[in-house]
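> Quick one: the structure is below, and I'll ask about it shortly.
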Amino acid sequence: MPEPVDERPYHHGSLRAALLDAAERRLRADGADRLSLRDLAREVGVSHGAPRRHFADRQALLDALAESGFGRLDRALRDALDGAGDGFEPRLRAGAAAYTRFATENTSLLEVMYAGKHRPGADRILAAAAEPFGRLHALVVQGRDEGRLAGGDLDRTATVLLATLQGIAALVNGGVVGPERRDGLVEAAVDQFLHGAGQR
């Protein structure tokens with residue numbers, strides 16, 4: 001029996017999308033180490049060789065998950081920022097909340113995303129990562145332009161913001177603090193960021 005061609009519809013619209021969806025479910029349940037193209041093929045109901053039409057190997061699948069993850073993070077940030085209005089502070093609070101929410105609700109995916117972008121030749125992942133990181137940098141530029149943040153090295157300011165949010169997510173993901181404290185910690189972190197990075 002011939003293997004399904006790429007265009008054959010599946011419940012997510014295509015084999016590639018179905019495989020990525022199944023892979024993310026497995027990632028969430030079992031972690032990256034347990035991902036297997038053969039198992040995913042069985043789950044979506046195709047022959048074990050069919051996934052290789054889209055992913056040459058397991059690493060290619062992980063890279064696709066990372067690229068897709070950064071796209072989802074970018075959409076989450078865009079929606080949060082667009083919904084917060086025009087002012088810097090509400091946009092900062094909305095963006096900070098959206099980032100930490102994504103990072104704590106997609107723990108294993110975030111690990112794959114950050115690991116993937118540091119691999120040699122990960123140009124597509126780097127391009128996808130540039131979008132959400134660019135939004136955070138643009139937010140810092142807005143804060144400077146509105147007089148809420150000091151000038152100087154805006155790249156460093158944006159890095160401090162990202163590190164702070166990622167640190168909160170790591171505390172929640174590691175069980176150091178309960179998830180019910182996440183939003184309060186983000187609010188406190190934004191308050192301190194505005195105070196520490198503000199105009200002097």
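The values are calculated or read from the model by the stated rules, or taken from the named source; none is laboratory data. Quantities reported herein were computed from a predicted structural model and do not represent experimental measurements. Cβ sites come from the backbone with ideal geometry, for glycine too, and all protein chains shown count toward neighbours. These accessible areas exclude ligands, DNA and RNA; they are computed on the full protein's heavy atoms, side chains included. Shrake-Rupley method; radii C 1.70, N 1.55, O 1.52, S 1.80 Å.
> Under the rule of at least 5 residues apart or a separate chain, name every residue whose amide H is placed under 5 Å from the amide H of A150.
G198, Q199
> Quick one: helix 123-145 against the long Cα principal axis of the chain, what's the angle to the nearest 10°, folded into 0 to 90?
Result, in degrees: 20.
> Now a separate question. Once ligands and nucleic acids are excluded and a 1.4 Å probe is used, how much of E180 is accessible, expressed in Å² to the nearest 10?
Around 140 Å² of this residue is reachable by solvent.
> Can you tell me the 0 to 90 degree angle between the C-alpha axis of helix 88-105 and the longest principal axis of the chain, rounded to 10?
Approximately 30 degrees, to the nearest 10.
> List the relative contact order of the chain as a percent without decimals, with contacts defined as Cα pairs under 8 Å and 6+ residues apart.
19
> While we're here: Can you work out ³J(HN,Hα) from phi for every residue in the range 40-56, in order, using Karplus 6.51 cos²θ - 1.76 cosθ + 1.60 and θ = phi - 60°, giving whole Hz and x for Gly and Pro?
5, 4, 4, 5, 8, x, 10, 5, 5, x, 4, x, 6, 5, 10, 10, 4
> Can you pull the one-decimal nm distance between simple spin-label points at R101 and D191, each 7 Å off the Cα toward Cβ?
Here the answer is 2.1 nm between the modelled labels.
> Which angle between 0 and 90 degrees, to the nearest 10, do you get for helix 15-30 versus the longest principal axis of the chain when only C-alpha atoms count?
Approximately 70 degrees, to the nearest ten.
> Can you tally the net charge around A189? Count Lys and Arg as +1, Asp and Glu as -1, for every other residue whose Cβ sits under 11 Å from the Cβ of A189.
Around A189, the charge tally is -1.
> Compute the Cα gyration tensor for the range 94-200, then decide on rounded, prolate or oblate, letting a ≥ b ≥ c be the square roots of its eigenvalues: rounded whenever a/c is under 1.5, prolate when a/b is larger than b/c in the other cases, and oblate in all that remain.
oblate
> So what's the net charge close to V140: Lys and Arg +1, Asp and Glu -1, counting the other residues with Cβ under 13 Å from its Cβ?
0
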